[in-house]
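A.B. asks: So that we are looking at the same thing, I have put the structure below in structure tokens.
The values are calculated or read from the model by the stated rules, or taken from the named source; none is laboratory data. What you are looking at is a predicted structure, and each value in this text was computed from that prediction instead of being measured. Here Cβ is always computed from backbone atoms with ideal geometry, including for glycine, and neighbour counts include all displayed protein chains. Note: accessible area is taken over every heavy atom of the protein model, side chains too, but ligands, DNA and RNA are not part of it. Shrake-Rupley method; radii C 1.70, N 1.55, O 1.52, S 1.80 Å.
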Amino acid sequence: MQDGFMNIWLYRLGWTYVLFIVFLLLAPVLYIVYISFNEYTFGARIYEFTTDWYTLILADKILVASLKWTGFLAVGVMATAVPMGLLAAKFYKSTRHKVAFVTLMLSPLFVPADIMGSALLIYFKNINHAVEAFGAFLGVTWFHGFLQLGFTTALIGQIIYTVPYAFIVILITMSRYRDQQTEAARGCGANAWQAFWQVEFPQIKVGVFSSLAFVTILSFNEATRTALLKGGFDTFPNVLVSQMLNIGMSGESYAMAGIMAVVSMVFIGSIIIITLIRARGIERKFQPKAEPNPIN
Amino acid sequence: MSALLAIRDSLMGERGLQRWAFYIPVVFMALFFAAPVALTLVWSVFERTMFWMEPGFTLAAYENFFTSARAENYVYSMIHSAVAVVVSFVIGFPIAVFVRRRVVKAAQHRVILLFILPFMISELVRVFAMRPVLGRNGLLNTGLMELGIISEPITIILFSPIGVVIGDVISFLPFMVFAGFLAMEAVQTYIFEVCDDIGVGRARTFRDIIVPLAAPGIFAGGVFIFVNSLGVALVPTILGGPGAVNAGLIVNQAIVALDFPLAMAISAIMLLTLVVLLYVGHRLFDLTKILQPIS
Amino acid sequence: MAEPFSSTNTEPPAVEVVGLGKNYGPVKALDSVNLSIAQGGYTVLLGPSGGGKTTLLRLLGGFIRPTAGKILLHGRDVSGLPPNQRPTTMVFQSYALFPHMNVEKNVGYGLKIQKKTKTDIAASVERILSLVGLEGYNKRMPHELSGGQQQRVQLARSLVLERDILLLDEPLAALDAKLRKDMCIELKRIQEKIGITFVHVTHNQEEAMTIADRIAIIADGKIVEEGSPREIYERPQRKFTAAFVGENNLIEGKVINVNGDGLTMDAGFAELAAITKKQASVGSEIAISIRSELIRILDGNDGQAEGVQKIPATYLEEVYLGLTTMHLVRLPNGVEVAVRRISDDDADFGGTAGQEIIVGWNREDAGVHTD
């Protein structure tokens, strides 16, 4: 707090440090975006601005197809992970086994992509084998290809990955909601759904929309799990990984990385800005008349 | 008739289907997260076949792991991961403390929000971006040479263990800031004023008050970074030198080689490492404290 | 050790603030305040929330830096010093114990920082814990203590530092009414026993009356008035104080006549005479105040007595409050007035709603407020 007796220069140093670290985390990404607009790409002495690399990838049919799959997955994840996060947050509020439940919901954060992807891969293969064997035993072909690697399995992998984020974001917003309001709404004659939709939801929708945004970006960026579980198609990050590993750092891969970085930054950046603006509005509304508590 | 109504109620009423909907997340997570994770242990003792595996009990996969260079590599990658945790703590935790202690209450969340931005850019891109920065002709080396600080490019920072640690820190540092801040949020700011009042020095406040109170968050952040450094194959693949591996990459290689029991054995070892860490941490610091702000 | 506790009249005041101001951006939390607090007393800063009393206390403690003015503690200018270099120590509202340390460690922590030996620390802790009535609680963790006990531990943690001025920031706010009363008496007892200066902030006037030697009323960033509890309660000087403390009935009007020992005010519906030494010019706006227990509903005989101010009123209702009963009446100008009587005094006292009555008071009981 700049208000007490802490040295003002130490305080400024603190801020400088925080901003420097944020910059440090962003700088490499900004640098590759910069490179991606260079005609002569990385390592050249000359810098000549061009958008050719971007034109090149957008003309590439495989890449456009991969963008389409990325989009499908993102929509699928939005439509499933966020409702599930919401249900989970509601469940958390009412369950008596809070610790066990939260452990189950948040554990996927602690299981690295390659491990989770491999375990699911073998899980799906086993189910597939077992069900097909069962079908063969019955003499029917209905089960052929059940849970074979493909869109569904990739989607499940991404849901497992994104639900913890949706859950935690919604839960944090929900923790500011007082349950007495639901009780009051029920007291006024609303049924459970009306109480939720008309009273609770308007107060937690910020969390729901932020989690939609986060989940979309997480899905858009996900490569490892999808690579293991996808079956026959490629997503945009999948193509980027194979480019990087097989061809190395070409102008095209810089442009692809540039697209991924810019999409995330614009998307998340605008969410952050909207949140900040909203927060300021709320603050102005509830500004204390006098004696603001400087820190609490 | 009344029986029919009862059935309808149990399906549609507030005590029926609607209520069961809240169990969807539990069921889904149990089915597609807990089950495959737990089954790794079972599959790791299956017999390997040419392209697949079949039920059985053999410790061949474990034997294979412990008698090859893989075990050694696993230990090395644990050391690198531990270094990444320490570096992230040293760089990231002071940010959580500074924001909680010195920044006006209303602005605290906004400062923390700043770290969401890099965190939400694809890890793939961020790790990949370290190459043109750290490389022989990279931004860092050319910059330092231009300034005359070095005359030869530093090559030890890319395609090396150091490169891997840098990549891990860049990837996972924000999590230390988030978890640290979450833990600090449970600490009333009065406490810092009490310290000022008593005259507790900066270092002493950090050691006696801040670290013990934020321990659950520090630990959770640390475990997250440790496990991901150990398990995310991307970082050593892109920034490590020849032969650089971590647990995730070994698993990946085993999958590619169609040695599924081996992949599962290494996964199981990693997951057990995780469970033991979390259990010990929970016994020491009561990790449920982190959840205080949301319960 | 005994030295800081002693005090003689020749010593400078414990607290002296001169032209003290604190701004938060455009908001003036405190506006050039002057205040002097003598050594060894129990002073309460009383005022509505948001009035600046906590800001003043935090400025004394050194937790915030003043925008203007000076703070002298025991005659020494401490305006530029951090909390630990001041002769003050603070007890906070609540939740300020170190949650990971037991009672003994909480209390002894300050001494550990001062590098006292273990035996010294143990002895001091023991002595202070018995002073605050927590013998035997050494090993308890904060979460195992009640709210009142936690505040006692905070008190002990501050007292063990043996500083000369103890600042208390709404220390009883989180406690229930019964416990608050007990703690008030306890705090007073401790202050009298150790003799150091206590400065206590509260918005609760009952708490202030119980505990204080002197009260300073703070509102809108200014000191409104100061005095002993009796002075503040019985003879409030400012209109704000009359409205804030006790249960005063305020009647406003214009001065129409001034004489040697009093004045006459036109309240619109009646001319009211009051006894005062205050200077007020004819035509100025003033208010007079009468405490609810000093105003009466008059019967025929009472109305004839000498020096009684009588006015007509309409009876509204009776509110039974246990020990006392409050009778609400309305004056002709629409102002509601409370008349309070001991409940057992007169069971038949009062009237029926809408009944026209006469209320009155002894002229010397009315206060006159020119600002």
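A.B. asks: Under 8 Å for C-alpha pairs, at least 6 residues apart: give me the relative contact order for chain C, rounded to a whole percent. Spell out each step's value before the answer.
C.D. replies: On the way: 770 pairs, mean separation 56.9, N = 371.
Worked out over chain C, it gives 15 percent.
A.B. asks: Average partner chain C-beta neighbours within 10 Å, per residue of A:19-31?
C.D. replies: Shielding by partners across A:19-31 averages 6.
A.B. asks: Turning to a different aspect of this structure: What angle, in degrees between 0 and 90 and rounded to the nearest 10, separates the Cα long axis of helix C:177-194 from the longest principal axis of the Cα atoms of chain C?
C.D. replies: Between helix and principal axis, roughly 60 degrees.
A.B. asks: Let me ask another. Please find the FRET efficiency linking A:GLU39 to B:VAL86, where r is the Cβ-Cβ separation and R0 is fixed at 45 Å, and quote it to the nearest 0.05. List each step's numbers first, then the result.
C.D. replies: Numbers: r = 42 Å, r/R0 = 0.94.
The calculated FRET efficiency here is 0.60.
A.B. asks: Now for a different question. Subtracting the Cα-Cα distance from 0.36 nm times the residue separation, let me have the gained length for A:ILE8 to A:ASN191 in nm, one decimal. Kindly include the intermediate steps, with their values, before the conclusion.
C.D. replies: Numbers: separation 183, 0.36 × 183 = 65.88 nm, distance 5.56 nm.
Extra length available between A:ILE8 and A:ASN191 comes to 60.3 nm.
A.B. asks: Which aspartates and glutamates does A:LYS90 reach when only Cα atoms under 12 Å apart count, and residues fewer than 8 places away in its own chain are ignored?
C.D. replies: Here the aspartates and glutamates satisfying the reach criterion relative to A:LYS90 are A:ASP179, A:GLU200.
A.B. asks: Using Cα pairs under 8 angstrom and six or more residues apart, how large is the relative contact order of the range B:185-259, in percent?
C.D. replies: Working: 31 pairs, mean separation 14.3, N = 75.
19 percent.
A.B. asks: Then there's this: If you take the accessible area of C alone, add that of A alone, and subtract the area of the pair, what total do you get in Å², probe 1.4 Å, to the nearest 100? Walk me through the numbers on the way to the answer.
C.D. replies: Working: alone 18070 and 18970 Å², together 35940 Å².
Adding both sides of the contact gives about 1100 Å².
A.B. asks: Past 18 Å, Cα to Cα, is the threshold; run C:LYS239/C:LYS310; C:LYS112/C:LYS193; B:LYS105/C:LYS222; A:LYS205/B:LYS289; C:LYS53/C:LYS222; B:LYS105/C:LYS53 against it and keep the listed order.
C.D. replies: Working: C:LYS239/C:LYS310 22 Å; C:LYS112/C:LYS193 25 Å; B:LYS105/C:LYS222 26 Å; A:LYS205/B:LYS289 27 Å; C:LYS53/C:LYS222 9 Å; B:LYS105/C:LYS53 21 Å.
Pairs exceeding 18 Å: C:LYS239/C:LYS310; C:LYS112/C:LYS193; B:LYS105/C:LYS222; A:LYS205/B:LYS289; B:LYS105/C:LYS53.
A.B. asks: Residue by residue through B:174-186, how many Cβ atoms from other chains fall within 10 Å of the Cβ on average? Display every interim value, and only then the final one.
C.D. replies: Working: counts 3, 1, 0, 3, 1, 0, 0, 0, 2, 0, 0, 0, 1.
Taking the mean over all residues of the peptide, I get 1.
A.B. asks: Work out the FRET efficiency for A:LEU245 and B:LEU272 from their Cβ-Cβ distance, taking R0 = 22 Å, and round it to the nearest 0.05. Walk me through the intermediate numbers first.
C.D. replies: Working: r = 30 Å, r/R0 = 1.37.
Efficiency, rounded to the nearest 0.05: 0.15.
A.B. asks: Okay, moving on. In Å², rounded to the nearest 100, what is the total accessible surface buried by chains B and A against each other with a 1.4 Å probe? Walk me through the numbers on the way to the answer.
C.D. replies: Values: alone 17670 and 18970 Å², together 28480 Å².
The summed interface area works out to 8200 Å².
A.B. asks: While we're looking at this one, here's another question. How many percent of the accessible area of the range C:191-325 is carbon or sulfur, using a 1.4 Å probe?
C.D. replies: Details: 3080 of 6510 Å².
Carbon plus sulfur share of accessible area: 47 percent.
A.B. asks: I've got another one for you. Using a 10 Å cut-off on Cβ atoms, rank the peptides B:211-223, A:192-204 from the highest mean neighbour count down. Please report the intermediate quantities before stating the final value.
C.D. replies: Working: B:211-223: 22.4, A:192-204: 14.5.
Going by the mean number of other Cβ atoms within 10 Å, highest first, we get B:211-223, A:192-204.
A.B. asks: Could I ask something else about it? Could you give the DSSP H helices of chain A that reach 24 angstrom or more along their long axis (alpha carbon positions) and whose average Kyte-Doolittle hydropathy is no lower than -0.5? Don't jump to the answer; show the numbers that get you there.
C.D. replies: Working: long enough: A:8-36 (41 Å, 1.86); A:61-94 (50 Å, 1.09); A:113-138 (37 Å, 0.94); A:151-174 (32 Å, 1.80); A:201-221 (29 Å, 1.25); A:251-285 (50 Å, 1.08).
Both cut-offs are met by A:8-36, A:61-94, A:113-138, A:151-174, A:201-221, A:251-285.
A.B. asks: Describe numerically, in nm with one decimal, the distance between label points set 7 Å from Cα along Cα→Cβ at A:LYS61 and at A:TYR47.
C.D. replies: About 3.7 nm, to one decimal.
A.B. asks: So how far apart, in nm, are the two label points at C:GLU206 and C:GLU135 if each is 7 Å from Cα heading toward Cβ?
C.D. replies: With each label placed 7 Å out from Cα toward Cβ, I get 3.2 nm.
A.B. asks: Less than 21 Å apart at the alpha-carbon level, and either on another chain or at least 8 residues along: which lysines does that give for A:LYS68?
C.D. replies: Answer for A:LYS68, where 21 Å is the Cα cut-off: A:LYS230, listed by chain and number.
A.B. asks: Using the Kyte-Doolittle scale, find the helices of chain B whose mean hydropathy is at least 0.0 and whose Cα atoms extend 20 Å or more along the helix's long axis, counting only whole DSSP H runs. All intermediate terms of the calculation are to be shown ahead of the outcome.
C.D. replies: Numbers: long enough: B:69-102 (49 Å, 0.92); B:161-185 (35 Å, 1.77); B:211-231 (29 Å, 1.61); B:260-285 (37 Å, 1.94).
Span-like helices here: B:69-102, B:161-185, B:211-231, B:260-285.
A.B. asks: Over the range C:1-159, what is the relative contact order in whole percent, taking alpha-carbon pairs under 8 Å and six or more residues apart?
C.D. replies: Once normalised by length, the contact order is 20 percent.
A.B. asks: With a 1.4 Å probe and every protein chain left in place, tell me how much accessible area A:CYS188 has, in Å² to the nearest 10.
C.D. replies: Surface accessible to solvent at A:CYS188 totals approximately 120 Å².
A.B. asks: Here is a follow-up. I need the calculated FRET efficiency for the pair C:GLU356 and C:SER49, taking r as the beta carbon distance and R₀ as 30 Å, to the nearest 0.05.
C.D. replies: On the way: r = 41 Å, r/R0 = 1.35.
Taking R0 as 30 Å, the efficiency between C:GLU356 and C:SER49 is 0.15.
A.B. asks: Take A:PHE20, project a point 7 Å from its Cα along the Cβ direction, then tell me which residues of the range B:168-184 have their backbone nitrogen under 20 Å from it.
C.D. replies: Flagged as within label range: B:169-178.
A.B. asks: What distance in nm lies between label points placed 7 Å from Cα along the C-beta direction at A:HIS129 and C:LYS70?
C.D. replies: It is 8.9 nm.
A.B. asks: Residues with beta-carbon under 13 Å from that of B:PHE172, excluding B:PHE172: net charge, scoring Lys, Arg +1 and Asp, Glu -1? Can you show the working numbers first?
C.D. replies: Details: positive: B:ARG126; negative: B:GLU123, B:ASP168.
After counting each charged neighbour, the total is -1.
A.B. asks: Averaged across the residues of B:33-43, what count of C-beta atoms belonging to other chains lies within 10 Å of each residue's C-beta? Don't jump to the answer; show the numbers that get you there.
C.D. replies: Working: counts 15, 3, 3, 12, 9, 1, 4, 5, 0, 1, 5.
Going residue by residue through B:33-43 and averaging, the value is 5.
A.B. asks: Order the peptides A:248-258, C:259-269, A:80-90, B:153-163 from the highest to the lowest mean number of other Cβ atoms within 10 Å of their residues.
C.D. replies: Working: A:248-258: 21.5, C:259-269: 15.2, A:80-90: 23.5, B:153-163: 18.0.
The most tightly packed comes first, giving A:80-90, A:248-258, B:153-163, C:259-269.
A.B. asks: Hey, if we sort C:HIS327, A:HIS97 by accessible area with the 1.4 Å probe, largest down, what's the order? Show your work: numbers first, answer last.
C.D. replies: Working: C:HIS327 5, A:HIS97 120 Å².
Sorted by accessible area, descending: A:HIS97, C:HIS327.
A.B. asks: Please give me the summed charge of the neighbours of C:ALA212: other residues whose Cβ is under 12 Å from its Cβ, Lys and Arg +1, Asp and Glu -1.
C.D. replies: Working: positive: C:LYS188, C:ARG214, C:ARG230; negative: C:GLU206, C:GLU207, C:ASP213, C:GLU226, C:GLU231.
With Lys, Arg at +1 and Asp, Glu at -1, the neighbours total -2.
A.B. asks: To make sure I understand the rule: partners must be aspartates and glutamates, Cα under 20 Å from the Cα of C:LYS116, and not fewer than 8 residues away in the same chain. Which ones qualify?
C.D. replies: Result set, ordered by chain and number: B:ASP196, B:ASP197, B:ASP208, C:GLU3, C:GLU104, C:GLU126, C:GLU162, C:ASP164.
A.B. asks: Can you give the calculated 222 nm mean residue ellipticity of chain A, where each DSSP H run of n ≥ 4 adds -39,500 (n - 2.57) and the sum is split over every residue, rounded to the nearest 500 deg cm²/dmol?
C.D. replies: Values: 11 runs with 212 residues, N = 296.
So the helix-based figure for chain A works out to -24500 deg cm²/dmol.
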